[in-house]
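The values are calculated or read from the model by the stated rules, or taken from the named source; none is laboratory data. The shown structure was predicted, so the numbers you read here are calculated from the model rather than taken from an experiment. As a convention, Cβ positions derive from the backbone with ideal geometry for all residues, glycine included, and neighbour counts pool all protein chains shown. Surface accessibility is based on the protein's heavy atoms, side chains included, excluding ligands, DNA and RNA. Shrake-Rupley method; radii C 1.70, N 1.55, O 1.52, S 1.80 Å.
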Amino acid sequence: MEPLREVRDGYLITLNIGTPPQAVQMYMDTGSDLTWVPCGNLSFDCIDCYDFKNNNLKSSSTFSPLHSTSSFRASCASSFCVEIHSSDNAFDPCAIAGCSVGMLLKSTCLRPCPTFAYTYGEGGLVSGILTRDILKAQTRDVPRFSFGCVASTYHEPIGIAGFGRGLLSLPSQLGFVQKGFSHCFLPFKFVNNPNISSPLILGDSLLSGNLTNSLQFTPMLNTPMYPNSYYIGLESITIGTNVTATQVPLTLKQFDSQGNGGMLIDSGTTYTHLPDPLYSQILTSLQSTITYPRATETESRTGFELCYKVPCPNNNLTSLENDAMVMFPSITFHFLNNAALILPQGNSFYAMSAPSDGSVVKCLLFRNMEDGDYGPAGVFGSFQQQNVKVVYDLEKERIGFQAMDCVTEAVSHGLYQGS
């Protein structure tokens, strides 16, 4: 079990790397493989990271290989180097490093792995060198852990722990890629709360006994274009008690001949993205059942397309959250294999600011998937996974869901430090 600390736009895991160990905080990301850390407080360059200078994570999110006696660069001949360069030819990285054909054939080239560039779906880019060092985890130690030592990034101010299915991922290097992991993300209101953490569990124990009986499982979809990502199929979406579900395009439950399509489940993307016309149909269905006045000014300012002014007596947001009279229609995702997930109430509409004048503005935190023709057709983001136990059963290639109170789950794992 590893604790995840919630911050504004994700969940942080702390890894202890090096000799002596350096504690480094980084985002937990199921949408990628590579684990990387910013190397050096002074030399790290983050382009277009407007809030990085004021980010209180900066001092705890960097790694210095010069201060680790066990750190060394990965060889160009290592399988991890071949993987980071996405090469079908194992000789490529060493050829780029300047090895002769004779050295390639004899496997005698000991040159370091060339500098890599790694991209993310929302436009992020990191560049660095592949490094090996000791990883000390609660479950086990990895003496030659492979990770990116990054000197320059675009839009990526904090390191990332990749939880994908590939060779480079953290579960893979910990030996859990054939087993699985699960998480239970705390609600957004616990952002930056130092007294409680979300539980992340790795290994066999999460799939044993009666723990899976209450879960609804949907199969993972495999695509040759993104073999290391977690894809699931979406059948339909139901709004409220409407017996007629909104049907989704075929692209959300199958891939085209180029491997595009499917729904990516991604803890590194904050909000769920749906393609048109499905996205517009969901907005229309919600508008037809919600009677609160629209907050068009907030919509223009935030970019969220459905915001409402909700009564909030005494400007008490806590009482509003517990008020059964102030409700929005439920939203149910129906995945393949009859797996249904009713989103917890706080996972759809969320208060955008503190209450004032007896009301508060709540917005639907979904986004339009504007570039769904290439890559995934939709994304199931971390905000919609709050107060949901999500289990990645990698052995049976399925993903399970169970709505639950993740605060209670955190307490049961000893992750609450309050009185």
Criterion (more than 25 Å from Met225 (Cα to Cα) and open to solvent by less than 30 Å² (accessible area, probe 1.4 Å)) met by exactly one of Thr131, Thr153: Thr131
Residues located in the range 370-419, provided they are touching a Phe, Trp or Tyr at 6+ places or on another chain (Cβ under 6 Å) and among the basic types (Lys, Arg): Arg398
Residue ranges of strands (runs of 3 or more DSSP E) in the range 324-419 with at least 2 members closer than 23 Å to Ser197 by Cα: 349-351, 388-393, 398-403
Given (1) polar (S, T, N, Q); (2) farther than 21 Å from Tyr279 by Cα; (3) more than 16 Å from the chain's Cα centre (by Cα), index of the condition Asn368 fails: (2)
In the range 237-249, the residues that are under 12 Å from Tyr279 (Cα atoms) and part of a strand (DSSP E or B): Ile237, Thr246, Gln247
Within the range 65-76, considering residues that are assigned to a loop (DSSP other than H, G, I, E, B) and surrounded by 18 or more Cβ atoms within 10 Å (Cβ to Cβ), the one modelled with the lowest pLDDT: Cys76
Residues located in the range 1-24, provided they are surrounded by fewer than 20 Cβ atoms within 10 Å (Cβ to Cβ), closer than 24 Å to Ser412 by Cα and not aliphatic (A, V, I, L, M): Pro3, Thr14
Residue count for the range 364-409, restricted to those that are open to solvent by 20 Å² or more (accessible area, probe 1.4 Å), hydroxyl-bearing (Ser, Thr, Tyr) and in contact (Cβ under 8 Å) with a residue 24 or more places away in the chain: 1
Tally of residues being surrounded by fewer than 20 Cβ atoms within 10 Å (Cβ to Cβ) and either under 20 Å from the mean Cα position of the chain (by Cα) or within 26 Å of Ile399 (Cβ to Cβ) (or both) across the range 118-128: 7
Breaking point among (1) assigned to a loop (DSSP other than H, G, I, E, B); (2) of a type outside the set (Lys, Arg); (3) open to solvent by 40 Å² or more (accessible area, probe 1.4 Å), for Cys109: (3)
